[in-house]
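A.B. asks: Pasting a structure below so you can have a look.
Just so you know, all these numbers are worked out from the coordinates, no wet-lab data involved. Quick caveat: nothing in here was measured; it's all calculated off a predicted structure. Note that we place each Cβ from the backbone using ideal geometry, even for glycine, and neighbour counts take in every protein chain shown.
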Amino acid sequence: MNFLKLRPGLLIYGRVLLMSVIIFTLTSGAAVAQKSKNTAYLFTYFTGNKGLEESIHFAISDDGYTYRALNHNQPVISSAAISSTGGVRDPHILRGSDGKTFYMVVTDMVSAKGWDANRAMVLLKSADLVNWTSSIVNIQKRFPDQENLLRVWAPQTIYDKKAGKYMVYWSMKHGADPDKIYWAYANKDFTDLENEPQQLFFSPTNGACIDGDIIYDQGKYHLFFKTEGEGLGIRVAVSDKLKEGYILRDGYVQQTKDPVEGAGVFKLNTGEGYILMYDVYTKGRYQFTKTKDLKHFSVIDHEVKMDFHPRHGTVLPITAQEAKVLLRKWDIR
């Protein structure tokens, strides 16, 4: 005997209940998606070559063009507490593959001690952008055959999907050789490097390469970096693979004749393309450019406003909730 034929009201009730569950699930999912959508930006940077200037600073933006320094443009993390030298530079910040863990790497360095005086980087990890754990990785002490290592500069991190690991890449100079960009995988806890440094990019000119920044777009990895010495400027090398095969493109991408360094690229939340920024360090200013294809760049300095002067740093798209957490902690007026 069919029970539902005896109780037609039960069938109608079941359909209504099912539709209610579906509607609730869809609307809840939409609410969660909306809540987790990136609508703001976090700019992390250092400010100069003296004292507290060689520290991690934060600024925030709603649109990627207008930035306001947090904590009165003072450090948000003590360099003395996390570094071996007492200073840090070149902060790079990354959202983890889980969407909720953050990774930051910085140069462990005080410039007053000399440009060939540092051998280490600092790895940091956070679940909320406010509280960070940190570990010092001294390349010279950690790995063999590093006796003539002179400097370790501008580390950055990218997630290697194939390996399921975070890859740290940075530039190093050994003896009379030019600066070269290397890579190594971080361990699971992001407290150390797992393997010996391997060279990432082989310059066809054998020129010095520093300040690497890798952007994945249209199925290819784009390595932005600064060349030193002859042919000073920012260039791009492209590869189908993360750790090898980079082919140098012709030309330079900076939109100024002045010396530049610290290239940083970030994607706009609006889907309008990317912004490439860099430090015009001899002029005491930053330049911002915009691109849709990572090939053609137009200057947008007239659209950008900041109440601080950054040095080499990076911008991370963040959610409205993450912005609220940062403002609650460091929006001191």
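A.B. asks: What does the net charge come to around residue 115 if you take all other residues with beta carbon closer than 12 Å to its beta carbon, with K and R at +1 and D and E at -1?
C.D. replies: Spelling it out: positives minus negatives among the neighbours equals +1.
A.B. asks: Pick from 113, 180, 292: which is most flexible by mean-square fluctuation in a GNM of the chain where alpha carbon atoms under 10 Å apart are linked?
C.D. replies: Comparing 113, 180, 292 in the GNM, the peak value goes to 113.
A.B. asks: Report, by chain and number, residues whose modeled amide H sits under 5 Å from the one on residue 165, excluding near sequence neighbours (fewer than 5 apart, same chain).
C.D. replies: 160
A.B. asks: By counting other Cβ atoms within 10 Å of each Cβ, how are 54, 272 ranked from fewest to most?
C.D. replies: So the ranking, lowest neighbour count to highest, is 272, 54.
A.B. asks: Same structure again: Find how many whole Å separate the alpha carbon centroid of the stretch 306-323 from the alpha carbon centroid of the stretch 153-197.
C.D. replies: Spelled out, the Cα-based centre of one part sits 24 Å from the other.
A.B. asks: Pop out the ³J(HN,Hα) list for the stretch 173-179 in order, Karplus 6.51 cos²θ - 1.76 cosθ + 1.60 with θ = phi - 60°, rounded to Hz; leave Gly and Pro as x.
C.D. replies: 10, 10, x, 8, 5, x, 4
A.B. asks: Turning to a different aspect of this structure: Only counting other Cβ atoms within 10 Å, I'd like 115, 132 sorted with the fewest neighbours first.
C.D. replies: Listed from fewest to most nearby Cβ atoms, that is 115, 132.
A.B. asks: Quick check of the Kirkwood formula: for the stretch 141-263, what is the inverse mean of 1/r over all pairs of different Cα atoms, in Å?
C.D. replies: 15.1 Å
A.B. asks: So, one more: Please report, in whole Å, how far the alpha carbons of the chain spread along each principal axis, starting with the longest.
C.D. replies: Projected onto the principal axes, the Cα atoms of the chain cover 91, 45, 42 Å.
A.B. asks: Give the peptides 62-69, 240-247 in descending order of average Cβ contacts within 10 Å, highest first.
C.D. replies: Top to bottom by mean Cβ count within 10 Å: 62-69, 240-247.
A.B. asks: Relative contact order for the chain: what is it in percent, counting Cα pairs under 8 Å that are at least 6 residues apart?
C.D. replies: It rounds to 16 percent for the chain.
A.B. asks: May I pose another question? Helix 8-36 versus the longest principal axis of the chain: what is the Cα-based angle in degrees, 0 to 90, to the nearest 10?
C.D. replies: 20 degrees
A.B. asks: Which angle between 0 and 90 degrees, to the nearest 10, do you get for helix 320-330 versus the longest principal axis of the chain when only C-alpha atoms count?
C.D. replies: 50 degrees
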